[in-house]
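The values are calculated or read from the model by the stated rules, or taken from the named source; none is laboratory data. A quick note: this is a predicted structure, and the numbers were derived from the prediction, not measured. Glycine gets a Cβ as well: all are built from the backbone with ideal geometry, and neighbour counts include every protein chain shown. The protein model used for the area step is the full one, side chains on, heavy atoms only, and it has no ligands, DNA or RNA in it. Shrake-Rupley method; radii C 1.70, N 1.55, O 1.52, S 1.80 Å.
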Amino acid sequence: SYTMSIPYKTQDFAMQIFEGEEVSNPDGSSTVNWETADSSWIQQDSTQGSDSGRYYMNLNFLSWCNLDKFYNATDGGQVRLKLPSECTSSNTTVYMIFEENSVVNLFSDATLEEFNSGNYILPLGWDIKLLAVCVDENKELQYALVDSEITDPHLETVTTMTKITEADLEALIKAL
């Protein structure tokens, strides 16, 4: 086992350790399935004041790791994003970015031809940004950035993607 620490600005007692298992999908892409890491523990240290501290994690695995919490609102909506047909699960990633800079990867749903928040219900009224990044048939990067607010139902539609260089995409992400 090994120990690692992660600083925080605001202590959250709902935080948990998740271990990820990478699995192959039928289309050749891969997905990470997250399970609560029962064999590891987390300790919170707020001795530096109420506005900052550290999470200490004792981990008993060497694979994908995530310090996070379940968030599933009882009254809210699922976020859905439709992209142009050339944007598929094999060449596109979509991120939902919350105001406090938390980031969630949206699921690809080939049946509905969309990306969505899956079974997670998110609170109405939250401001979000949706960032879709696609590698086109010419191996060039394209993106779309949508400012939105969670509603129910929630469906955003992007009809065109914008070409972007890797350096400009990195700058755009850092600016978020």
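Between residues in segment 78-93 that are part of a loop (DSSP other than H, G, I, E, B) and residues that are open to solvent by 40 Å² or more (accessible area, probe 1.4 Å), which pairs lie under 6 Å by C-beta distance while being six or more apart or on different chains?
Pairs found: 89/108; 90/27; 91/135.
I'd like to check something: does segment 47-55 contain any residue that is open to solvent by 50 Å² or more (accessible area, probe 1.4 Å) and at pLDDT 75 or above?
yes
Could you check residue 136 against (1) in contact (Cβ under 8 Å) with a residue 40 or more places away in the chain; (2) out of contact with any Lys or Arg (no Cβ under 9 Å at 6 or more places or on another chain) and say which number it fails?
(2)
Could you figure out which of (1) out of contact with any Asp or Glu (no Cβ under 7 Å at 6 or more places or on another chain); (2) modelled with pLDDT under 85; (3) among the hydroxyl-bearing types (Ser, Thr, Tyr) isn't true of residue 93?
Every condition holds for residue 93 apart from (2).
Would you pick out the residues in segment 102-151 that are among the hydrophobic types (A, V, I, L, M, F, W, C), open to solvent by 20 Å² or more (accessible area, probe 1.4 Å) and part of a strand (DSSP E or B)?
103, 104, 107, 133, 135, 141, 145, 146
Within segment 83-101, can you find the residues that are open to solvent by 60 Å² or more (accessible area, probe 1.4 Å) and more than 19 Å from residue 139 (Cβ to Cβ)?
Matches in segment 83-101: 95, 99, 100, 101.
Just the residues that are modelled with pLDDT of 85 or more and within 17 Å of residue 68 (Cα to Cα), please, taken from segment 100-121.
Answer for segment 100-121, where residues must be modelled with pLDDT of 85 or more and within 17 Å of residue 68 (Cα to Cα): 106, 117.
Enumerate the pairs (first residue in segment 22-33 and surrounded by 11 or more Cβ atoms within 10 Å (Cβ to Cβ); second residue anywhere and at pLDDT 75 or above and not in a loop (DSSP other than H, G, I, E, B)) with beta-carbon separation below 6 Å, excluding pairs fewer than 6 apart on the same chain, so at least 6 apart or on different chains.
Between residues of segment 22-33 that are surrounded by 11 or more Cβ atoms within 10 Å (Cβ to Cβ) and residues that are at pLDDT 75 or above and not in a loop (DSSP other than H, G, I, E, B), the close pairs are 31/23; 32/20; 32/22; 32/64; 33/21; 33/23.
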